[in-house]
Structure formats: structure tokens, C-alpha cells
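Trainee: I have a structure I would like to understand better, so I am pasting it below and will then ask my questions one at a time.
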Amino acid sequence: KLFSPKPTIKFNTNTPPKPPVQQGKNVANGVIFDYYLPHDWTDSSELILEIKDVFQNTIRTYSNQKPKKQKMWAGGPPPQQILPSKAGLNRFNWDLRRETLPAVDGVFVMGDYRGHLVNPGDYLFKMMSEKDTAVTMIKVLPDLRLQVNPQEHGNQQILLMRIETAFKDIHQSVNQLRSIKSQLNGRLGLLREMEERKELVRIGEEALAAITKWEEKLIQPKQKTFQDVINYNNKLNAQLIHLKGYIDAAEPKPTAGSKERWNDLQKDWSVYEKERSAIIEEEMNAYNVMFKALDLPAIIMSEE
């Protein structure tokens with residue numbers, strides 16, 4: 001079996017979670033649990049840990065397999081945690097956070113890419129291999145030093161989820177249009193050599209300009225270090241991640257100012273979201289329609 005005859009996943013939940021920062025120092029927090037493996041899993045099949053809430057929504061997934069490509073850069077997301085899978089007793093720590101937020105390759109963001117802290121409540125741990133599964137429930141306790149209405153934790157989670165969703169949408173949209181931009185640049189490099197394709201080139205270059213102008217409103221690629229934030233203004237993605245960090249605190253009740261700031265940023269993203277749709281549905285559609293009408297080959301050979 002994957003685990004010993006009796007359940008061996010044990011959880012240390014005797015101490016309520018503490019705020020992630022206290023008196024200027026990082027404080028260890030989370031769920032520490034142990035599990036036993038009868039043999040080394042490192043070079044064999046995948047071992048997966050899923051953490052679910054009471055509604056069976058998966059909020060975090062860990063694997064013993066190292067990612068094939070994991071680029072690291074200043075201002076990027078933290079390295080992915082690998083689930084230990086050696087023979088015998090293993091120990092792992094869940095930091096009470098949701099999945100890490102997606103990045104734009106190489107782009108510096110002064111903020112915390114980690115998902116926000118979950119609220120107090122019951123959570124299901126499900127560890128799986130190809131043949132075996134082990135499950136157990138754990139309880140995240142509230143900070144007993146805080147006297148708050150439990151509903152405030154739920155309201156905090158809803159606001160943080162909305163902010164993170166907007167942040168994810170921005171980065172996924174930038175990555176999507178960067179892919180389009182890369183493909184378009186390659187095609188235009190060949191089409192510019194063809195005299196009879198000037199109109200198609202013009203439409204393509206207008207689409208490129210629209211993508212670049214749109215991207216400049218959402219991310220700041222000129223920032224490379226923590227000092228560059230002085231010289232180059234933060235864009236919408238950095239403003240959202242900063243707001244997330246401010247609200248993601250032990251005190252669950254967001255301030256009126258943070259709610260107002262979220263409303264402002266949400267309105268900005270709504271405008272840029274429509275601009276993105278216009279680029280795809282109008283600019284790129286016009287290019288694709290003309291490209292198809294000209295009956296150009298899928299592979300364009302250079303005349304040189």
C-alpha cells in the first residue's frame with residue numbers, strides 16, 4: 001500500500017495559526033503533517049496532495065515531481081514546493097495559502113505572488129498515487145487573540161478572491177496577446193518582403209501597435225530591481241497585488257479605503273478588458289480575414 005496499515009498522516013493543529021508577520025519578523029505558520037511511504041517514490045509514479053475546502057473545491061495542489069521548466073527572476077513568483085517522497089517518514093508544511101498567482105515571463109512585480117491565506121474552517125487533505133489514496137480532515141483554528149465576527153472572514157475571502165481573479169486575468173491576457181504578437185512579428189517579417197501585401201502588412205502593424213499600447217497600461221516591463229519602482233510607475237497588476245497584500249492580514253475586516261480602492265481598480269480593468277476583446281475581435285480578425293482571402297500558404301518562404 002501507499003501508506004502504512006494504519007493512517008499515518010498526522011496533523012499539528014494544536015496551535016492556532018498566527019499572523020504571517022509579527023514584530024517585524026516572519027512567523028512560521030501552517031499545518032505540519034507526517035506521512036509514511038513504504039518505498040522511495042522520487043523516481044517512480046507521481047505522488048499528489050490535494051487540499052480541498054468543505055465544498056470540495058481544490059484550493060492547493062502539490063506534487064513530488066519537479067516542474068520541467070521553472071524560471072526564476074527578481075520580482076517573480078517563488079519556487080514551487082516539491083512534496084517529499086522518500087521511503088519512510090516524510091514531513092511537509094502547508095502554509096495555509098491558496099495557489100501561487102501566474103506571472104508574465106521575466107516581468108518584475110514588487111509584491112507577493114503567493115495565494116492569500118485561507119479562512120478558519122475544515123479542510124480535506126487527499127494524498128494520491130496511481131494505486132492508493134489516503135484522506136484526512138484538518139481544522140484551521142481562528143486566531144484567539146482576535147474578537148471578530150466569523151462572517152468577516154468570509155467577506156475577506158470573497159474580496160481577496162475577486163482581486164486575485166482580476167490579477168490572474170490580467171497576466172493571462174498579457175501572455176495571450178504576447179503570444180499573438182510574437183506570431184504576428186514573425187509573419188510580418190516575411191510579408192514586408194512581398195510588395196503586393198502592403199495592405200495586409202499595414203493591418204498587422206496596426207494590430208501590433210494596439211497590443212503594445214494596451215500592454216503598457218497593465219504591466220511595467222522596465223522595472224528590473226526593487227529600486228526601479230522609483231523611476232518607472234507601477235501599472236495595474238502591481239497595484240492589485242499590493243492591495244491584495246494589504247487586505248490579506250490577520251484582521252479580517254477590510255477597511256473602507258481598501259474597498260474603495262478595489263472598486264477603482266476593478267473599473268480600470270473592466271475598461272482594459274473591453275480593449276483586449278476589441279483587439280482580438282477587430283484588429284486580429286481583420287488581419288486573419290485578409291490573410292485567408294489572399295490565400296497565403298501556411299509556410300511563407302523567404303525570397304532570399
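The values are calculated or read from the model by the stated rules, or taken from the named source; none is laboratory data. Note that the structure is predicted; figures quoted are calculated from it, not measured. Using ideal geometry, Cβ is built from the backbone for each residue, glycine included, and neighbour counts are taken over all protein chains shown. Accessible surface areas use protein heavy atoms only, side chains included; no ligands, DNA or RNA. Shrake-Rupley method; radii C 1.70, N 1.55, O 1.52, S 1.80 Å.
Trainee: Taking Glu164 and the conditions (1) in a helix (DSSP H, G or I); (2) in contact (Cβ under 8 Å) with a residue 60 or more places away in the chain; (3) over 17 Å from the mean Cα position of the chain (by Cα), which numbered condition does it fall short on, given that it satisfies the others?
Mentor: Evaluating Glu164 over (1) in a helix (DSSP H, G or I); (2) in contact (Cβ under 8 Å) with a residue 60 or more places away in the chain; (3) over 17 Å from the mean Cα position of the chain (by Cα) leaves (3) as the failure.
Trainee: Here's a follow-up. Checking Asp105 against (1) buried (at least 17 other Cβ atoms within 10 Å of the Cβ); (2) under 26 Å from Thr225 (Cα atoms), which test does it fail?
Mentor: Among (1) buried (at least 17 other Cβ atoms within 10 Å of the Cβ); (2) under 26 Å from Thr225 (Cα atoms), Asp105 violates only (1).
Trainee: Report, by residue number, each residue of the range 208-242 that is more than 17 Å from Asp105 (Cα to Cα), within 17 Å of the chain's Cα centre (by Cα) and not polar (S, T, N, Q).
Mentor: Hits for the range 208-242 are Leu240, His242.
The rows are residues; the columns are (1) hydrophobic (A, V, I, L, M, F, W, C); (2) within 16 Å of Thr58 (Cα to Cα).
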| site | (1), (2) |
| --- | --- |
| Ser85 | no, no |
| Leu89 | yes, no |
| Trp94 | yes, yes |
| Arg98 | no, yes |
| Leu101 | yes, yes |
| Phe108 | yes, no |
| Tyr113 | no, no |
| Gly121 | no, yes |
| Lys126 | no, yes |
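Trainee: Go through (1) over 14 Å from Ala250 (Cβ atoms); (2) buried (at least 19 other Cβ atoms within 10 Å of the Cβ) and name the single condition Gln151 misses.
Mentor: Of everything listed in (1) over 14 Å from Ala250 (Cβ atoms); (2) buried (at least 19 other Cβ atoms within 10 Å of the Cβ), Gln151 misses just condition (2).
Trainee: Something else now. Answer with yes or no whether Arg178 is under 16 Å from Glu164 (Cα atoms) and not in a loop (DSSP other than H, G, I, E, B).
Mentor: No: the conditions fail for Arg178.
Trainee: A follow-up question, please. Is one or more of the residues making up the range 154-161 in contact with a strand residue (DSSP E or B) (Cβ under 8 Å, 6 or more places away or on another chain), modelled with pLDDT under 95, open to solvent by less than 40 Å² (accessible area, probe 1.4 Å) and not acidic (Asp, Glu)?
Mentor: Looking through the range 154-161, none of the residues is in contact with a strand residue (DSSP E or B) (Cβ under 8 Å, 6 or more places away or on another chain), modelled with pLDDT under 95, open to solvent by less than 40 Å² (accessible area, probe 1.4 Å) and not acidic (Asp, Glu).
Residue by residue, here is whether (1) within 26 Å of the chain's Cα centre (by Cα); (2) part of a helix (DSSP H, G or I); (3) more than 20 Å from Met284 (Cα to Cα) holds:
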residue: Leu146; (1), (2), (3): no, no, yes
residue: Leu159; (1), (2), (3): yes, yes, yes
residue: Leu184; (1), (2), (3): no, yes, no
residue: Arg187; (1), (2), (3): no, yes, no
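Trainee: While we're on this one: Any residue in the range 284-304 that's closer than 24 Å to Ile211 by Cα: show its pairings with residues that are at pLDDT 70 or above and open to solvent by less than 80 Å² (accessible area, probe 1.4 Å) at Cβ separation under 6 Å, as long as the two are six or more apart or on different chains.
Mentor: Pairs found: Met284/Ala207; Ala286/Ile203; Tyr287/Ile203; Tyr287/Gly204; Tyr287/Ala207; Met290/Leu200; Ile300/Leu190.
Trainee: Right, another one. From the list Glu199, Glu130, Glu206, Glu193, exactly one residue is of a type in the set (D, E, K, R), under 21 Å from Lys52 (Cβ atoms) and open to solvent by 50 Å² or more (accessible area, probe 1.4 Å). Which is it?
Mentor: Exactly one of Glu199, Glu130, Glu206, Glu193 is of a type in the set (D, E, K, R), under 21 Å from Lys52 (Cβ atoms) and open to solvent by 50 Å² or more (accessible area, probe 1.4 Å), namely Glu130.
Trainee: Now a separate question. Enumerate the helices (runs of 4 or more DSSP H) found wholly within the range 214-294, keeping only those where 2 or more residues are of a type outside the set (Gly, Ala, Ser), in contact with a Phe, Trp or Tyr (Cβ under 7 Å, 6 or more places away or on another chain) and at pLDDT 95 or above.
Mentor: Passing ranges, in order: 236-247, 256-278.
Trainee: Considering each of Arg178, Arg197, Arg202 in turn, give the residue that is more than 26 Å from the chain's Cα centre (by Cα), over 30 Å from Arg145 (Cα atoms) and in contact (Cβ under 8 Å) with a residue 40 or more places away in the chain.
Mentor: The unique qualifying residue is Arg197.
Trainee: Taking Ser277 and the conditions (1) farther than 26 Å from Gly75 by Cα; (2) open to solvent by less than 80 Å² (accessible area, probe 1.4 Å); (3) in contact (Cβ under 8 Å) with a residue 60 or more places away in the chain, which numbered condition does it fall short on, given that it satisfies the others?
Mentor: In the conditions (1) farther than 26 Å from Gly75 by Cα; (2) open to solvent by less than 80 Å² (accessible area, probe 1.4 Å); (3) in contact (Cβ under 8 Å) with a residue 60 or more places away in the chain, Ser277 misses (3) alone.
Trainee: Do we find that Pro221 is open to solvent by 40 Å² or more (accessible area, probe 1.4 Å), of a type outside the set (S, T, N, Q) and closer than 30 Å to Met72 by Cα in this structure?
Mentor: yes
Trainee: Next up: Of the conditions (1) farther than 20 Å from Ala103 by Cβ; (2) open to solvent by 20 Å² or more (accessible area, probe 1.4 Å), Gln239 fails just one. Which one is it?
Mentor: (1)
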